[in-house]
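Chemist: One structure is given below, represented as C-alpha cells, and several questions about it will come after.
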Amino acid sequence: MIAHLLLAISCLFSIPLCESFGIALTKQRKASLPLLRAVAIPEAAQLLEFTEPQTGTTVVLVGAMHYNPSSVKLASDTVKELGENDQLGTVIVESCETRWNKTEELYQEKPFLKTFLSNEMRTASDMALSFNRPVVLGDQNITLTGESLKASLRDTIGDLATPGKGWKRLYENIRKGLEETAILGGEGYLTTNALLDPKLILALPVSLIKYPISFLVRDPIITSIFLTFLAVSAVNDVDVSSVPRETAATITDYISVVGVAALETIVFARLLLEPLLAQRNLVLAKSILDQCKLYSADNNKKSVGLFDFFMNNDKSEQLTSDDIVYAAGSPRTNDTSNGGNDKVVVAILGMAHCNGIMKILQEQQIR
C-alpha cells in the first residue's frame, strides 16, 4: 500500500525517485527568458524556459500539480502575461483529443463539474482562446497509452518470473527510463524545489481530492475497481504496533512485507517510467517542436530567397502539417497573425513530464 501511495504521489507531483540508480544526467543550463521578467511574472520553480535549438523559438514549460490551485494560477498568469504583451504563440496541453472531448461532453451534461474540476490545462486553454491564440492537444491518444500499459505489465510479469536475464532486463529498463525522463533532476531541470513550494504544499489536499474524482466521473467503473483494490490493500496492511506481544510479527513477516512492497514498487516504477512518461514525452515534445517550426518558418518566410524556397523542403512541410490536433474552437497556427513579434510556445504539463521533454528538445532527439 505504501508503495502504491508513493508512486501515485510521484506521478502526480514529480517526486524524484530511485536516486540510488546513480544516473549521470547531461547537465543543461536553463536559458533566461527576458520577456517573462519584463512583464513581471514571478520567477517560479515550476517553469522551464529555453530556446528550442532547431528553430530558435522560445519555449516555456509550465510544470503543474494537476488540479492544484497554485498550478492553475501559474498556468493562467503565464499565458495571460504573454498574451497581453503580444508574445503568446501556441498553448499546448497535456491531453489528447479523446480525453479532451470526453471531458467537454461531461461538462455540457453537468455544467457544475467545469467549475468544481477546473484545472491548469482548461484554464490555460480558455485564456489562450481569449487572445485568439491556438490551443493544441499534444499528448498521445489515451487508447495507445492503455495498450502500452498492458504490454509493459505483461513484460514486467514475464521478467519477474525469469530470474537472471529477466531481472537484469527489468533493472536496465527502469534505469533507462530514469535517464530518458530526467526525473532525477539536475542543473537546469526542475528539482524537488518545484515540488516543495509552500503554495503547492498548502493546496495539496485539493489535488488529492479532485484528481481521483476527475477519473471517477470520466471512467467510474475502472476507477472504482482501482480504488477498491487500494482499499483492500490498506485493510490487509498490518500495524505491528497494535498486535499483541504473543502474536507480534516475526522477522520473516517483516521480510515478506518489505518484499511485497519492493515488488509493487518495481512494477509501478516500470509502468510509470516507460508507458506513462517516456513514450508520451516523445509525443509531447514532437507537438512542441511542430509549433516551433511553424513560428520559425513564419518569421523567416519573408527573407527566404528563390534558391532557399526550392531547396528547403522542410519549411514547406512545416506550413502544411496535417498532424496537429487543435482543441475545439481553436484557430489554426497558420491562420493567426504573429504581429511581427517572435512568439513563445507554452506547454502546460504535469511536472513529471517537463525534464524529459526539455531533454528531448535540447538534445534534438526528434526532428
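Chemist: Packing-wise, with mean Cβ within 10 Å as the measure, how do 119-129, 140-150, 102-112 rank, highest first?
Modeler: Values: 119-129: 23.7, 140-150: 14.7, 102-112: 12.7.
The densest-packed peptide leads the list: 119-129, 140-150, 102-112.
Chemist: Report, by chain and number, residues whose modeled amide H sits under 5 Å from the one on THR57, excluding near sequence neighbours (fewer than 5 apart, same chain).
Modeler: GLU52
Chemist: Shape call for region 146-222 from the C-alpha gyration tensor, a ≥ b ≥ c root eigenvalues: rounded (a/c under 1.5), prolate (a/b greater than b/c) or oblate? Don't skip to the end; give the middle numbers.
Modeler: Working: a/c = 3.26, a/b = 1.33, b/c = 2.45.
Note, shape of region 146-222 comes out oblate.
Chemist: Binning at 10 angstrom from zero up to the longest distance, how are the C-alpha pair distances of region 119-166 distributed in percent?
Modeler: P(r) over region 119-166, rounded to whole percents: 22, 25, 20, 17, 12, 5.
Chemist: Let me ask something else. Mind scanning LYS199/LYS359; LYS73/LYS199; LYS102/LYS286; LYS150/LYS359; LYS176/LYS293; LYS73/LYS210 and naming the pairs with a C-alpha gap bigger than 18 Å? Mind dumping the intermediate values first?
Modeler: Numbers: LYS199/LYS359 27 Å; LYS73/LYS199 11 Å; LYS102/LYS286 24 Å; LYS150/LYS359 27 Å; LYS176/LYS293 29 Å; LYS73/LYS210 16 Å.
With Cα atoms farther than 18 Å apart: LYS199/LYS359; LYS102/LYS286; LYS150/LYS359; LYS176/LYS293.
Chemist: Let me ask another. Express in % the proportion of alpha carbon pairs of region 105-187 at distances exceeding 21 Å.
Modeler: On the way: 2063 of 3403 pairs.
So the portion of pairs separated by more than 21 Å is 61 percent.
Chemist: Could you order ASP197, ASP86 by accessible surface area, starting with the largest, using a probe radius of 1.4 Å? Each step should come with its number before you reach the end.
Modeler: Values: ASP197 25, ASP86 70 Å².
Ranked from most to least accessible, the order is ASP86, ASP197.
The values are calculated or read from the model by the stated rules, or taken from the named source; none is laboratory data. These numbers were taken from a predicted model, which means no experiment stands behind them. Neighbour counts are summed over all protein chains in view; Cβ atoms, including those assigned to glycine, are modelled from backbone coordinates with ideal geometry. Just so you know, the surface numbers come from the protein's heavy atoms only, side chains and all, with ligands and any DNA or RNA stripped out. Shrake-Rupley method; radii C 1.70, N 1.55, O 1.52, S 1.80 Å.
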